[in-house]
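Please treat every number below as a calculation from the coordinates, not as lab data. All of these numbers come straight from a predicted model, not from anything done at the bench. For neighbour counting, all protein chains shown are included, and Cβ atoms are generated from backbone atoms with ideal geometry for every residue, glycine included.
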Amino acid sequence: MTQQRRWTAERIPDQTERVFVVTGANSGLGMATTRALVRRGGHVILAVRDEEKGRRAAAEITSEHPDAGLEVRRLDLADLDSVRAFARQVRADHPRLDVLVNNAGIMAPPRRLSAQGHELQFACNHLGHFALTGLLLDLLAEGDDPRVVTTTSTNHRQGRLFFDDLTGERDYSPMAFYNQSKFANAVFGRELHRRLTEAGSPVRSMLAHPGYTATSLQTSAPTGMVKMLFGRILIPLAQSPGRGALPQLYAATDPSVEGGEFIGPDGLAELRGGPARVRLSPAAADAETGRRLWEVSERLTDVRFPLRPGPG
């Protein structure tokens, strides 16, 4: 593991004139990421489900950084119609994007289905980000050092894909389906890297995870023992959102990061610490799993990425 123990947000290079999309930017990791990027001159599109919360977050950041370049736009990742509407609006106003940070997520709710009939965690955490990336990829290809950073979790190492029961109709467990969605994030990020490389695209795909960080993720959706464990009992062990955002900030901005790399905390069990290159589970890097998830995701979202294999 290559460690970057002294890397902090103060080491983010100048981001002036660079345009970022950060999903879930109104709170937690997303807001910490946005705050750090605008501090270094970045222009951030806050992609948020609740526009009023997004405007409050933007106002708070602007009070600290009056010259911050911020836009608030509605994006409900669990609704593919909303994803398409968001992408259309961004395309109408921006000729290019430089970085997409696929940060937003939900954790361990009771079983619910999305507007299109998909299990909610798989819909929000994976399918929405898959569709969003595909719909914005040509704008990213016009960017400067363009990157897609997809946030997963150490839980991806306990996850697998329930291809025969993706909606949880037969057997639903909140944490098992959370782990599935985080595994899907990891598989997607690695498979996207493979396909971008094969196509000779200038866009790079990186993965990141925040370790154990105190955010609303642990309290907004879980119920019962999951909420008690992650939202109350273990919270004293968690790091702040500012610290938890460092891996995805490092993946999004540091010149040394290469496509396909996975960045997480360097501390014990990757729960906390500075950004470091960490291990992706072999199952998430499996090419056949990547191909199968990609094909299923294309079918469920009706989004095809504008990628063609390169010459030779």
Task: Neighbourhood net charge (15 Å Cβ-Cβ; Lys/Arg +1, Asp/Glu -1) for D171 - done: -1
Task: Other-chain or far-sequence residues with amide H under 5 Å of Q239's (modelled H) - done: Y212, T213, A214
Task: For S205, distant residues with modelled amide H under 5 Å away - done: V148, G260
TODO: Read phi for every residue in the stretch 255-267 and hand back ³J(HN,Hα) as whole Hz from Karplus 6.51 cos²θ - 1.76 cosθ + 1.60, θ = phi - 60°, with x for Gly and Pro.
DONE: x, 7, 6, 10, x, x, 7, 10, 10, x, x, 9, x
TODO: Find out how many positive minus negative residues lie around T16, taking Lys and Arg as positive, Asp and Glu as negative, among other residues whose Cβ is under 14 Å from that of T16.
DONE: -3
- [ ] Using a 10 angstrom cutoff on alpha carbons, build the Gaussian network for the chain and name the most mobile of A284, A199, A25.
- [x] A199
Task: DSSP-defined antiparallel bridges as percent of all bridges, the stretch 9-300, nearest 5 - done: 15 percent
TODO: Can you figure out the FRET efficiency of L113 with R39, using R₀ = 51 Å and their beta-carbon distance, to the nearest 0.05?
DONE: 0.80
TODO: For R299 and R11, calculate 0.36 nm times their separation in residues minus their Cα-Cα distance, and state this gained length in nm to one decimal.
DONE: 99.6 nm
Open item on the list: I need to check one value: relative contact order of the stretch 243-312, counting alpha carbon pairs closer than 8 Å and at least 6 residues apart, in percent.
Closed with: 21 percent
TODO: Divide, for the chain, the radius of gyration over alpha carbons by 2.2 N^0.38 Å, where N is the residue count.
DONE: 0.91
Open item on the list: Neighbour counts of other C-beta atoms within 10 Å: give me R88, R243 arranged from fewest to most.
Closed with: R88, R243
